[in-house]
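Colleague: Have a look at the structure that comes next, please.
The values are calculated or read from the model by the stated rules, or taken from the named source; none is laboratory data. What you see is a predicted model; the values in this text were computed from it and never measured. Cβ: placed from backbone, ideal geometry, glycine included. Neighbour counts: every protein chain shown.
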Amino acid sequence: MDRFDNRRPNCSLHCPGLNDSTQDVVRRADLWSFKFDFLLVSFAYVFPTTNLLNLPRLAYENGGLAFLSAYAAAAFVIVLPIIILELSVGQLTGRAPVQALYNMCPVFRGVGVAQILFSIAVMAYMTRYLGWLFLYIFHLFWTILDDRPGLPWLHCKNFPELQSRPCREAGAIANFTHDTHTKLNAIYGESSLVQFMVTLEQPSRSIDYFGNIQYYILSAEGAVWILVFFAICFGVRWLGKVVCFTFIASLVLLLLLLGRAMLLVNGDFSFLVKFYEITDWNRLADYHVWKIAVEQAILATGIGFGAFITIGSYNKRSNNLVGDSFIITIMHLALSALQLLTILSFVGFISHRTGLNPMQLMDKGESQMWHFLAYMSYLPDFKAWSGITLFMCSLIILNIFYMLAMNVLSSLEDAFGERWSRCVPRFFLAFFICAFCFGTSVYFATQAGKHAYQLVSGYLKYITLWTILAFELIAVSWFYCAHSLGKDLRSMLSGGCCWCLGHFLLFITYLLPVVPIAIAVLNVMGYTFDAYSEEIHEWEFSEYVGLAIAVVPLLPIPLVAQFTLCRACCCKRTHRSKCSRFRHAFASPLRYEIEKGMFHSTTASGNGKGAMSPPRYTSTAPGYVLLPQSPQAPLAEPEQYNDLRR
């Protein structure tokens, strides 16, 4: 049991910030088993497929090395300070996003709720994508067990039940009379890959006609959530072991693909020379390039979802989060470089073999995944390498699902508290979360699922994440104050150099809210409904539904803020003035306890009792109050944290 919440139902707690001295802030006892587990989970979270599928094309379109330089700059100047901020909030409060942001500024508790709703929405539509990868793996083994030559998404022969006529192999070159360029045939209507997917999902002609449930896809989506359930149902100690396997396995598979691609080019690195030749440093003067680089860096590292707050909340309080943040950022850039080099190597080999320009062999997003599978048709042992590609991408995305689902689970555990956790153990709570998320993804398994996927994924990218991230930065950097958080770092970290550097980087977050706001504004300015398919246009309410999908996760931010302010100002069971109650609704419940803890620590040091900071689980630990033992709510013994220091 990892949550302890024994708060008394008095007016000071029902009116936020009215009596900070009685605010109970308790640390969870469930921690990462090893520091290594925390780092691997963080590495897995910043190792998504988005850079594998998007970064090569983006680099080719936006100046080559110039764009990569902008991306690296965004990672260190924007992403790194936010990672430090989110890990600090989690490590300081020991809570998931909802309760953690409440402890920063009660008015902004809705930002944490918005992060949870957004995580659920992303997992809902991404379940369909991951389910499709599972279906590819299933049919791969089916061809092996049934001793069929070829693969149904790469070849037209031997699979009449999964193909129609006319059919062209996905790896073939497509010539179109209306286009002056030839392209890879992967995602065009006559492609064997497209026909394979159409046969299984039988898409409807309009998004409002959901038709029949496609049980192949539904079963694959169910398999996704079964795996997620078994990864999170036993807590972070078990999750650390699961992610340790899945991350290392996916990294090994990526290295195998990179090694195979290097053997294909056979020492001919002319593709890297061509990539260098397209470099245009003048593109750095274009704000649009910087917008794309920053946007991609934020999406690839997953900041703004609240997952780093949850990851950090399971650290011991003295963990060196500043050094960890640098390691995580550098590891992200290294993994992104491996992903980029892998795709460029395959594209260089196929470009040399077919004579096509690299731009004609690449796409972005889900389409690039299908291009990646089409690349395998140029390999003699295509079944083995297709399997490696599919398993690698599936494991990478599963790691993201594990952390987002754990984000939701930890937030619900915070909400229920210790009393409810006796009635609803984590095992059943995890089952409820996975069952609910599976239910939200059922529509994506219907005949309209393809169109719903395009609508949801398209509208969520415009303003939702950027608004959440902007309010998170405003809540912590401006209302709680980045300088105050920097002083909290000093109380948590023993190394003077680390907390000084972290304090300096936190000052940057004062300026960062303008970044997500600018991205959201530019996205809205570039919005056009014409970019969506005809099947979505068939329903007259599609655009309104898309707008609702983008806005609904944001509603908790104003609603919770309004509720908190009204409750603070209208609470009659206090002698404070209405103005004072309003002001204290913005005050952090942590501040009084941190100051009291620092006072006790300073007094003890001044009396010659040693400068060692007090234990985390004592009443004098800065930022935490040890609740009294009682038969109704006994506190568990804190579990040991095995710190591996090199």
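Colleague: Would you check if there is a residue in the range 414-425 being over 19 Å from the mean Cα position of the chain (by Cα), closer than 20 Å to Ile116 by Cα and crowded, with 23+ Cβ neighbours inside 10 Å?
Modeller: Scanning the range 414-425, I find at least one residue that is over 19 Å from the mean Cα position of the chain (by Cα), closer than 20 Å to Ile116 by Cα and crowded, with 23+ Cβ neighbours inside 10 Å, so the answer is yes.
Colleague: Out of the residues in the range 261-299 meeting the condition of being part of a helix (DSSP H, G or I) and of a type in the set (Gly, Ala, Ser), tell me which one is modelled with the lowest pLDDT.
Modeller: Ser270
Colleague: Residue pairs, Cβ under 6 Å, 6 or more apart or interchain, first in the range 535-562 and within 15 Å of Leu465 (Cα to Cα) and at pLDDT 95 or above, second assigned to a helix (DSSP H, G or I) and charged (D, E, K, R). List them.
Modeller: From residues that are within 15 Å of Leu465 (Cα to Cα) and at pLDDT 95 or above, there are no pairs.
Colleague: List every residue pair whose Cβ atoms sit under 9 Å apart, with the two residues 6 or more apart in sequence or on different chains, where the first one lies in the range 252-267 and is more than 27 Å from Ala44 (Cβ to Cβ) and free of Cβ contacts under 8 Å to residues at least 40 places away in the same chain and the second, anywhere, is surrounded by 15 or more Cβ atoms within 10 Å (Cβ to Cβ) and of a type in the set (Lys, Arg).
Modeller: none
Colleague: Report, by residue number, each residue of the range 390-405 that is among the hydrophobic types (A, V, I, L, M, F, W, C) and in contact with a Phe, Trp or Tyr (Cβ under 9 Å, 6 or more places away or on another chain).
Modeller: Selection gives Leu390, Cys393, Leu395, Ile396, Ile397, Ile400, Phe401, Met403, Leu404, Ala405.
Colleague: Moving on to the next point. If you take the residues in the range 563-577 that are within 23 Å of Val98 (Cα to Cα) and touching a residue at least 12 places away in the same chain (Cβ under 8 Å), which one is surrounded by the most Cβ atoms within 10 Å (Cβ to Cβ)?
Modeller: Ala568
Colleague: Hey, any hits in the range 186-207 for a residue that's over 21 Å from Ser377 (Cα atoms), among the hydroxyl-bearing types (Ser, Thr, Tyr) and surrounded by fewer than 16 Cβ atoms within 10 Å (Cβ to Cβ)?
Modeller: No, every residue in the range 186-207 fails to be over 21 Å from Ser377 (Cα atoms), among the hydroxyl-bearing types (Ser, Thr, Tyr) and surrounded by fewer than 16 Cβ atoms within 10 Å (Cβ to Cβ).
Colleague: If you go through the range 217-260 one residue at a time, how many are surrounded by fewer than 16 Cβ atoms within 10 Å (Cβ to Cβ) and hydroxyl-bearing (Ser, Thr, Tyr)?
Modeller: Looking only at that region, the number is 1.
Colleague: Same structure, new question: Taking the criterion of being within 25 Å of Tyr532 (Cα to Cα), buried (at least 17 other Cβ atoms within 10 Å of the Cβ), in contact (Cβ under 8 Å) with a residue 60 or more places away in the chain and touching a His at 6+ places or on another chain (Cβ under 7 Å), would at least one residue in the range 157-176 satisfy it?
Modeller: No, the range 157-176 has no match at all.
Colleague: Applying the selection to the range 525-549, what residues are surrounded by 11 or more Cβ atoms within 10 Å (Cβ to Cβ) and assigned to a helix (DSSP H, G or I)?
Modeller: Phe529, Glu535, Ile536, His537, Ser542, Glu543, Val545, Gly546, Leu547, Ala548, Ile549
Colleague: Looking at the range 464-510, which of the residues that are assigned to a helix (DSSP H, G or I) and among the hydroxyl-bearing types (Ser, Thr, Tyr) is farthest from Gly90 (Cα to Cα)?
Modeller: Result: Thr464.
Colleague: Tell me, please, whether a residue that is hydroxyl-bearing (Ser, Thr, Tyr), in a helix (DSSP H, G or I) and touching a strand residue (DSSP E or B) at 6+ places or on another chain (Cβ under 7 Å) can be found in the range 337-355.
Modeller: yes
Colleague: Kindly indicate the residue of the range 352-378 that is over 31 Å from the mean Cα position of the chain (by Cα) and surrounded by fewer than 18 Cβ atoms within 10 Å (Cβ to Cβ) and also farthest from Lys274 (Cα to Cα) among those meeting that condition.
Modeller: That would be Tyr378.
Colleague: Next question. Regarding the range 460-467, can at least one residue be identified that is crowded, with 22+ Cβ neighbours inside 10 Å, more than 19 Å from Ile309 (Cα to Cα) and in contact with a Gly (Cβ under 6 Å, 6 or more places away or on another chain)?
Modeller: The answer is no, given that none of the residues of the range 460-467 is crowded, with 22+ Cβ neighbours inside 10 Å, more than 19 Å from Ile309 (Cα to Cα) and in contact with a Gly (Cβ under 6 Å, 6 or more places away or on another chain).
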